[in-house]
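Colleague: Input: one structure, supplied below.
The values are calculated or read from the model by the stated rules, or taken from the named source; none is laboratory data. Worth saying up front: this structure is predicted, and the values here are computed from it rather than measured. Cβ sites come from the backbone with ideal geometry, for glycine too, and all protein chains shown count toward neighbours. Note: accessible area is taken over every heavy atom of the protein model, side chains too, but ligands, DNA and RNA are not part of it. Shrake-Rupley method; radii C 1.70, N 1.55, O 1.52, S 1.80 Å.
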2 protein chains.
Amino acid sequence: MPKNCNFIEKLREVGLRPTKQRIKMCEVLYNREKTFHFTINDLVKMISEKMNEKISLATVYNTVHAFEKKGYLKEISIDSHKSYFDTNTSAHHHFFDEDTHELIDCDESDIDKINIRKNITGKKINSVEVLVRVASDNQNQK
Amino acid sequence: MPKNCNFIEKLREVGLRPTKQRIKMCEVLYNREKTFHFTINDLVKMISEKMNEKISLATVYNTVHAFEKKGYLKEISIDSHKSYFDTNTSAHHHFFDEDTHELIDCDESDIDKINIRKNITGKKINSVEVLVRVASDNQNQK
DNA sequence: AATCTACATTATAATAATTCTAAACTATTG
DNA sequence: CAATAGTTTAGAATTATTATAATGTAGATT
C-alpha cells in the first residue's frame, strides 16, 4: 500500500483536485493492508476518530461519490437501507452475513466464472455479480 | 392466475387476516398473466389507479412486508435508494438495465447453476443471486 | 347476534439516509 | 498574484421508510 503523499499524484491523475479532505480520506481508506467494506456512516466515524480537524458530512458524501465515479471505490447493493462501499474495485463476488450484516469478499477460486447465455439487444454487460446470503446454521431457528 | 376470492383462502393459509386492503393488494399484484417487479411507489400508484377507495401509505408498507415475510413477495436489492419487490418468489437471477432502471428476470436456462466452493463455518447459504448490470452498447459513449 | 380481543389500518409525526443550496474557500491557470 | 473553476461547508430540503397512538375490524367466545 502506498505512502501518504502518493495520493496527491493519484488524485490528480484521475482529474480530482487533491484537497486536504480528499487526501485525508485516501489515507483512511487506502493506507492499510487489506481492502474493506464500509457504509458512509462507518466512514464518518473512522474519519472523526483519526482526525483532529473535522470534515463535513456533505464532503464525505461528495468525496465518496467522486471516488466511486473515478474507480477508487465500488458500491455494493445488498440492502435497500444502506449503501455499502468497497475499496476493492476489482470484479468480485460477496457473501453477506444476514446475522451480523457483515460483507465478505469471495476469492476468484470460490465461484466459477459465470456464463450468461441471454443477450439483451443493444445492451452490453457492465458487470456480473453474485451475492451469497448466509445466516447462522442453527437447527432450532424459526 | 387465480380468481379474486381465492386470495381470502390464501391469506388465511399463511396466517394473514384477509382484510379488504390485503385482498385489494393481492388483486393488483397477482391477478395477472406474468409476475413483475415494482417499488413501493409504483405499487401505490397502481393501487390508487385501480381503486376508488384509498389506502394508506403505511398500510402499503405493512402489507408488502407482511407478504414478503410470508413468501408472497421477494425483495431484490439493486439500488441503495429504492426497494424493488418481485411477485416471482422462486429463486432466479436478474438483469438490471442501468439506462431505464428496468429489472428483467433470467430464465433458469440463462445462467448455469452456481457452485460455491467457500464455506463459512456455522453459516448456511440462504440464497445465491446473480445480478447482471447492462447498459446501452453505444461505441461513442463516455 | 352481541361482545371481546387481538390484529390491522390510518393519519400523522418521527427518523434516517441522502441531496441540495448558496456562501465561503482554495487549487490551479495565466 | 488575480481570475476562475472546482470544492467545502452548515444547514435546509427531500425522500424513503418506520413509529405512534387512536380508531376500526376479523374471528373467536359467549
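Colleague: So in the range B:80-89, with the set limited to residues that are more than 10 Å from the chain's Cα centre (by Cα) and open to solvent by 30 Å² or more (accessible area, probe 1.4 Å), which one is farthest from B:PHE38 (Cα to Cα)? Don't jump to the end; show me each part of the working.
Modeller: Of the range B:80-89, the ones more than 10 Å from the chain's Cα centre (by Cα) are B:80-82.
Those still in the list that are open to solvent by 30 Å² or more (accessible area, probe 1.4 Å) too: B:81-82.
Numbers: B:HIS81: 14, B:LYS82: 10 Å.
Of everything passing the filter in the range B:80-89, B:HIS81 is farthest from B:PHE38 (Cα to Cα).
Colleague: Moving on. Go through the range A:33-48 and count every residue that is within 16 Å of DNA strand D (Cβ to nearest atom) and away from chain B (no Cβ under 14 Å).
Modeller: Initially, the range A:33-48 is screened for residues within 16 Å of DNA strand D (Cβ to nearest atom), giving A:39-41, A:43-48.
Imposing the further condition that a residue be away from chain B (no Cβ under 14 Å) reduces the set to A:43-48.
Residues flagged as within 16 Å of DNA strand D (Cβ to nearest atom) and away from chain B (no Cβ under 14 Å) within the range A:33-48 amount to 6.
Colleague: State the number of residues belonging to the range A:94-121 that are open to solvent by less than 30 Å² (accessible area, probe 1.4 Å) and more than 8 Å from chain B (Cβ to nearest Cβ).
Modeller: 3
Colleague: Within the group A:PHE7, A:PHE67, which residue is modelled with pLDDT under 95 and of a type in the set (Phe, Trp, Tyr)? Let's see the steps before the verdict.
Modeller: On the way: A:PHE67 fails: modelled with pLDDT under 95.
Residue meeting the stated conditions: A:PHE7.
Colleague: Has the range A:50-61 got at least one residue that is more than 27 Å from B:LYS82 (Cβ to Cβ), within 12 Å of DNA strand C (Cβ to nearest atom), outside the structural domain of A:VAL130 (by TED's automatic domain parsing) and crowded, with 18+ Cβ neighbours inside 10 Å? Break it down into steps so the answer makes sense when it comes.
Modeller: Within the range A:50-61, the first condition is being more than 27 Å from B:LYS82 (Cβ to Cβ), and the residues that meet it are A:50-55.
Okay, now just the ones that are also within 12 Å of DNA strand C (Cβ to nearest atom), so A:53.
Narrowing the set further to residues that are outside the structural domain of A:VAL130 (by TED's automatic domain parsing) leaves A:53.
From the residues that got through so far, the ones that are crowded, with 18+ Cβ neighbours inside 10 Å too are none.
There is no residue in the range A:50-61 that is more than 27 Å from B:LYS82 (Cβ to Cβ), within 12 Å of DNA strand C (Cβ to nearest atom), outside the structural domain of A:VAL130 (by TED's automatic domain parsing) and crowded, with 18+ Cβ neighbours inside 10 Å.
Colleague: For B:VAL128, work out the one condition from (1) part of a loop (DSSP other than H, G, I, E, B); (2) within 23 Å of A:PHE95 (Cα to Cα); (3) facing chain A (nearest Cβ under 10 Å) it doesn't fulfil.
Modeller: The one condition B:VAL128 does not meet is (1).
Colleague: Scan B:TYR72, B:TYR30 and give me the residue that is away from every other protein chain (no Cβ under 14 Å), out of contact with any Asp or Glu (no Cβ under 7 Å at 6 or more places or on another chain), open to solvent by less than 60 Å² (accessible area, probe 1.4 Å) and away from DNA strand C (no atom under 14 Å from the Cβ). So that I can check it myself, show each step before the final result.
Modeller: Numbers: B:TYR72 fails: away from DNA strand C (no atom under 14 Å from the Cβ).
Result of the check over B:TYR72, B:TYR30: B:TYR30.
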